[in-house]
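The values are calculated or read from the model by the stated rules, or taken from the named source; none is laboratory data. All values derive from a computational prediction rather than experimental measurement. Cβ placement follows ideal geometry from the backbone for every residue including glycine, while neighbour counts extend to all protein chains displayed.
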Amino acid sequence: MKIVAAPDSFKGNQSALAVAEAIERGIHRFDSSIEVIKIPMADGGEGTVDAASSMAGGRLVKLTVSGPLGDPVEAEYAFIEESRTAIIEMAAASGLPLVPENRRDPSQTTTRGTGELMMHAVNNGCTKIILGIGGSATNDGGLGAASVFGARFFDAEGRETGITGSSLQEIKAIDISGMDPRIAKIEILTACDVKNPFHGPDGAAYVYGPQKGADSAMVEKLDKGLKNLAGVIRDSLGIEIANIPGAGAAGGLGGGLVAFFGAKLKSGIELLIEATGLEKALEGADLVITGEGKTDFQTAFGKVPAGVGAAAKRLNIPVVCFSGALGKKIEDLYPVGITALFSTANREMTLQYAIENSLELIEQGAENIVRLFFAGMNKLPSAKQ
């Protein structure tokens, strides 16, 4: 028998690899002869680099880059030698957790550190970059990242502007003639699962600015700045990004990557399914176990269990979603390939207990899932019935 364990991380608690290993231990409590293929997964957000480095033969590359406020931070990305692919989480360099709450100000943050990670990967010889852009602290429209590669921005007087959100309204011209020519030869795929436009009521500033520290006045200013930048990009580069779904992700970095780097915005889970080789691993599998910290109706919109379920459904393989908690409308997941859903909470317990004992609870649950699966197939070994 062959079972694939392909969970996401349990955010803030266990990595996807740790969860997959606990699932394997639980399965082997029942029968140690079962083949378990561990495929730690991610959807382009937190855990993407870990998943890629642990499953796709990637190595972690660590370096010091500019943080959201310009302070140096330690960051890392995964580099897959065989395919010359770099997998980067922008949050590692430009993420909100890197900014203390009392210093959060999206008018002053920059994606420069993300650009530095990309440049390091280019210098490493990559031919493809997969860039996850969740969890940002920024609202600079990608100016910081583009500046690392040589893009320059000018005001009405021809003076070079800054590269933070506070400078967006000043920009009247863009010069990309000095950008590093190597970047044009590199395929850049952006893992982006939000559909927000660049600016407007549903855009980067209005939807995400407040959680990054912006008050109502700053939100309005940032939105006007993004609108201005979109117009200058259109006039200077001939590229219309304002209404591209996902252009507003990461404070407009999604749109900036399209405009300055020729990037394509793609579903994060689809990119990671390809990068981790999940579909090949599913061949010949009898059962798939996936999961995440909390599963609810939002999971159907491109999160790991939904992506894994869809991939397994194409091969007619049953999928169990085994998560820390189950929320509203989990039945929405049945049509996308999830056969059944269970929670690790197998009795009354506090959240703290569930977190502290998560791996043991995962092991216990995985064993019970497999016992039920084998019972349904009338294949329970007589000695363990």
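Checked against (1) closer than 16 Å to THR109 by Cα; (2) at pLDDT 95 or above, GLN211 passes all but condition (2). Scanning for something assigned to a loop (DSSP other than H, G, I, E, B), closer than 20 Å to ALA146 by Cα and not hydroxyl-bearing (Ser, Thr, Tyr), does segment 199-214 turn up at least one residue? So far as segment 199-214 goes, yes, one or more of its residues are assigned to a loop (DSSP other than H, G, I, E, B), closer than 20 Å to ALA146 by Cα and not hydroxyl-bearing (Ser, Thr, Tyr). Within segment 296-303, one or more residues are within 25 Å of ASN13 (Cα to Cα), surrounded by fewer than 24 Cβ atoms within 10 Å (Cβ to Cβ), touching a residue at least 24 places away in the same chain (Cβ under 8 Å) and touching a Lys or Arg at 6+ places or on another chain (Cβ under 7 Å).
Within segment 145-175, being crowded, with 17+ Cβ neighbours inside 10 Å and touching a residue at least 60 places away in the same chain (Cβ under 8 Å) holds for ALA145, ALA146, PHE149, ALA151, GLY165, LEU168, ILE171, LYS172, ILE174.
Among the residues making up segment 356-380, a single one is outside any helix (DSSP H, G or I) and touching a helix residue (DSSP H, G or I) at 6+ places or on another chain (Cβ under 7 Å): LEU380.
In summary, helices (runs of 4 or more DSSP H) completely within segment 244-344 and bearing 1 or more residues that are acidic (Asp, Glu) and under 30 Å from ILE233 (Cα atoms) occur at 268-276.
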